[in-house]
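What follows is a single structure, written as structure tokens, with notes after it.
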Amino acid sequence: MRAISYTRAPDVPAAVAAVTSDPGSSYLAGGTTEVDLLRLDVLRPHRLVDINRLPLAGIEDRSDGGLLIGALARMSEVAEARAVVERFPMLSQALLLGASAQLRNMASMGGNLMQRVRCAYYRDPESACNKRIPGSGCSALEGVHRGHAILGTSEHCIATHPSDMAVALVALDAVVHVEGTKGSRTIPVDDFFLLPEDTPEREHPLTPGELITAIEVPPVPMARRSLYLKVRDRESYEFALASAAVALALEDGVIREARLALGGVATKPWRAHRAEDILVGEHADVDVFVRAAAAELAPAITRPMNGFKAELARRTLVRALQTVAAQGGGTA
Ligand code: SF4
């Protein structure tokens, strides 16, 4: 058994100073992933800095139609907030589909962004894993990889990013607010998640001690009729095999703007730019949806156990597009 010390941060500067000055320390928010990994001996901090009492739990309506969501707002609060349900239904749906009710009540929005991969080899200290121990190898490449990624992979890591919420945030062009000892800065959420490439152990561009304080969702009028569609092995308490966040702006049946992202198939929440580019200017019909989905999945690299994911992701995206188009889409 290892001893871990515990402190409660009184304010944001004190929390940032505590973790920045001590590389062996970590923030503790909802703890729904972190405590599991401590018990498994995968994460080994010697000090936890509890941030749960910091004033970062608000959900603030912006006058321009956007939202500023505090990093400590719980998933359940955000999923049920009227502004989210009405203006950003894809985000509400992704949160509700992302975890059980108990976990949603504990897990914070910032913690959701920081959650670690569900690759079984990452969670087993006996297995080789480049993400846990850089340079040790990747057991999933020749091992069990049915749930692993087919987009954004590298020869060093093929772990799927597990968040549903982040897929919706990527489609919405959300921005992450962070605070460090040198001040505050913002990071577009699409840039907040790094591809594994040669450094799978580095998942975010945060510097040591930087703390997520809020997530800003800009106004996206077309998102009022958006959808998050998740396909999984069972209907609850399960990660996505494939998912799609979709918003369309339609005018006389023509797609003026598209916001698309995929989950369950990539090493980061995957903005589907190729598909968006094909859709814009076209009539919203199934043929163009199929063409767009095929283009997005064209670079997929599949392995013996996860080849089915390419077709599943194509069909998931097409079905989500059909559903949103049948609702008339939103306004740009
Ligand atoms: Fe580790 Fe990534 Fe390989 Fe899983 S896929 S064993 S997380 S390096």
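A short reminder: the numbers here are calculations on the coordinates, not readings from a lab. The structure displayed is predicted, hence computed values, not measured ones. When we count neighbours, we look across all protein chains shown, and the Cβ atoms used for this are built from the backbone with ideal geometry, even at glycine.
Here are the numbers:
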{"item": "Residues satisfying the stated conditions in segment 6-36, i.e. over 20 Å from residue 75 (Cα atoms), outside any loop (DSSP other than H, G, I, E, B) and out of contact with any Phe, Trp or Tyr (no Cβ under 8 Å at 6 or more places or on another chain)", "result": "6, 7, 8, 12, 13, 14, 16, 17, 18, 20, 25, 26"}
{"item": "Residue list for segment 143-152, restricted to those being more than 9 Å from the ligand (Cβ to nearest atom) and either under 23 Å from residue 51 (Cα atoms) or in a loop (DSSP other than H, G, I, E, B) (or both)", "result": "144, 146, 147, 150, 152"}
{"item": "The listed residue being without any contact (Cβ under 8 Å) to a residue 60 or more places away in the chain and surrounded by 16 or more Cβ atoms within 10 Å (Cβ to Cβ), out of 49, 35", "result": "49"}
{"item": "Residue in segment 195-213 that is nearest to the ligand (Cβ to nearest atom), counting only those that are of a type in the set (Val, Ile, Thr) and not in a loop (DSSP other than H, G, I, E, B)", "result": "212"}
{"item": "Conditions (1) without any contact (Cβ under 8 Å) to a residue 60 or more places away in the chain; (2) in contact with a strand residue (DSSP E or B) (Cβ under 6 Å, 6 or more places away or on another chain): number failed by residue 1", "result": "(2)"}
{"item": "Residue that is farthest from the ligand (Cβ to nearest atom) [pool: residues in segment 119-142 that are assigned to a loop (DSSP other than H, G, I, E, B) and closer than 26 Å to residue 312 by Cα]", "result": "142"}
{"item": "Matching residues in segment 153-194 - criterion: being away from the ligand (no atom under 12 Å from the Cβ), assigned to a loop (DSSP other than H, G, I, E, B) and crowded, with 18+ Cβ neighbours inside 10 Å", "result": "163, 164, 172, 174, 193"}
{"item": "Top-ranked residue of segment 14-23 - restricted to ones that are touching a strand residue (DSSP E or B) at 6+ places or on another chain (Cβ under 8 Å) and of a type outside the set (Val, Ile, Thr), ranked as farthest from residue 44 (Cα to Cα)", "result": "15"}
{"item": "Members of segment 95-121 found to be in contact with a Leu (Cβ under 9 Å, 6 or more places away or on another chain), surrounded by 24 or more Cβ atoms within 10 Å (Cβ to Cβ) and closer than 21 Å to residue 232 by Cα, listed by number", "result": "112"}
{"item": "Criterion: without any contact (Cβ under 8 Å) to a residue 60 or more places away in the chain and within 26 Å of residue 67 (Cβ to Cβ) - qualifying residue of 205, 218", "result": "205"}
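The rows are residues; the columns are (1) of a type in the set (Lys, Arg); (2) within 19 Å of residue 98 (Cα to Cα).
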residue: 148; (1), (2): no, yes
residue: 153; (1), (2): no, no
residue: 156; (1), (2): no, no
residue: 166; (1), (2): no, yes
residue: 169; (1), (2): no, yes
residue: 172; (1), (2): no, yes
residue: 185; (1), (2): yes, no
